[in-house]
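Here's the structure, in structure tokens; my notes come after.
The values are calculated or read from the model by the stated rules, or taken from the named source; none is laboratory data. Computed from a prediction, not measured in an experiment: that's the story for all the values here. Cβ placement follows ideal geometry from the backbone for every residue including glycine, while neighbour counts extend to all protein chains displayed. Ligands, DNA and RNA are excluded from the accessible area calculation, which covers all protein heavy atoms including side chains. Shrake-Rupley method; radii C 1.70, N 1.55, O 1.52, S 1.80 Å.
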Amino acid sequence: MAQLRVAVIVGSTREGRAGDRVAGWFVDQAARHDDLAVTVVDLTDYDFPASYPAEPTASIRAFVSEVGRADAFVVVTPEYNHSFPAPLKQAIDYAYDEWQAKPVGFVSYGCRSTGLHAVDQLRTVFTALHAMTVRDVVGIDLLAGEPTPQCTDELRRDASVLLDQLRWWGLALRDGRAARPYVS
């Protein structure tokens with residue numbers, strides 16, 4: 001069976017962000033699973049326009065292509081003002097069909113809230129795009145520190161549960177899309 005292609009999307013573009021380090025920790029957790037092929041899709045690597053263009057730019061096409069290639073996604077998102085970052089919403093909106101009938105998991109972070117307000121809103125967005133969000137989330141309270149290789153057993157367990165759910169849904173939905181195209 002072919003590896004499940006998982007795109008880990010780093011949703012913050014702020015200078016000094018924790019998102020790249022949180023994503024790196026999560027990718028290390030995912031690397032323990034030989035049946036996953038993980039790609040990091042960092043929004044800072046794309047030169048998106050300030051406003052939605054009439055024709056897609058090279059950066060938009062490259063991002064949409066990454067989304068299209070993936071079988072499943074993990075969105076690493078901070079919580080800013082009880083929501084997720086605007087650049088993440090902009091990037092999500094550049095793709096449409098590419099999200100459909102694919103699972104999305106979340107690694108969120110914030111101060112005290114662990115980013116769950118952002119996840120709640122992202123669930124609504126991905127549901128509108130016909131994606132399937134997995135139940136469990138890895139929520140990180142930055143007041144307790146960023147995750148490290150020596151982080152708590154609870155965070156590692158949360159990552160393992162998320163990856164198990166993502167794998168199950170990713171394989172089931174990949175098989176389903178192969179058997180019959182998804183129609184929205």
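Of all residues in the range 3-21, those that are without any contact (Cβ under 8 Å) to a residue 12 or more places away in the chain and either open to solvent by less than 10 Å² (accessible area, probe 1.4 Å) or among the charged types (D, E, K, R) (or both) total 1.
From the list 136, 175, 93, 164, exactly one residue is farther than 30 Å from residue 55 by Cβ, loosely packed, with under 14 Cβ neighbours inside 10 Å and under 16 Å from the mean Cα position of the chain (by Cα). Which is it?
On the way: 136 fails: loosely packed, with under 14 Cβ neighbours inside 10 Å; 175 fails: under 16 Å from the mean Cα position of the chain (by Cα); 93 fails: farther than 30 Å from residue 55 by Cβ.
Result of the check over 136, 175, 93, 164: 164.
Scanning the range 131-151 turns up no residue that is out of contact with any strand residue (DSSP E or B) (no Cβ under 7 Å at 6 or more places or on another chain), part of a helix (DSSP H, G or I) and within 24 Å of residue 70 (Cβ to Cβ). Note on the range 22-65: among residues that are out of contact with any Leu (no Cβ under 9 Å at 6 or more places or on another chain) and among the polar types (S, T, N, Q), the one that is least open to solvent (accessible area, probe 1.4 Å) is 59.
For (1) of a type outside the set (A, V, I, L, M); (2) modelled with pLDDT of 95 or more, each residue gets a yes or a no:
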position	(1), (2)
50	no, no
64	no, yes
67	no, yes
71	yes, yes
85	yes, yes
91	no, yes
104	no, yes
117	yes, yes
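When the range 66-86 is limited to residues that are part of a loop (DSSP other than H, G, I, E, B) and closer than 19 Å to residue 113 by Cα, the one that is most open to solvent (accessible area, probe 1.4 Å) turns out to be 81. For the residues 145, 110, the requirement of being without any contact (Cβ under 8 Å) to a residue 60 or more places away in the chain and surrounded by 17 or more Cβ atoms within 10 Å (Cβ to Cβ) singles out 110. Within the range 152-184, the set of residues being part of a helix (DSSP H, G or I), free of Cβ contacts under 8 Å to residues at least 60 places away in the same chain, charged (D, E, K, R) and farther than 16 Å from residue 70 by Cα comprises 153, 154, 157, 158, 164.
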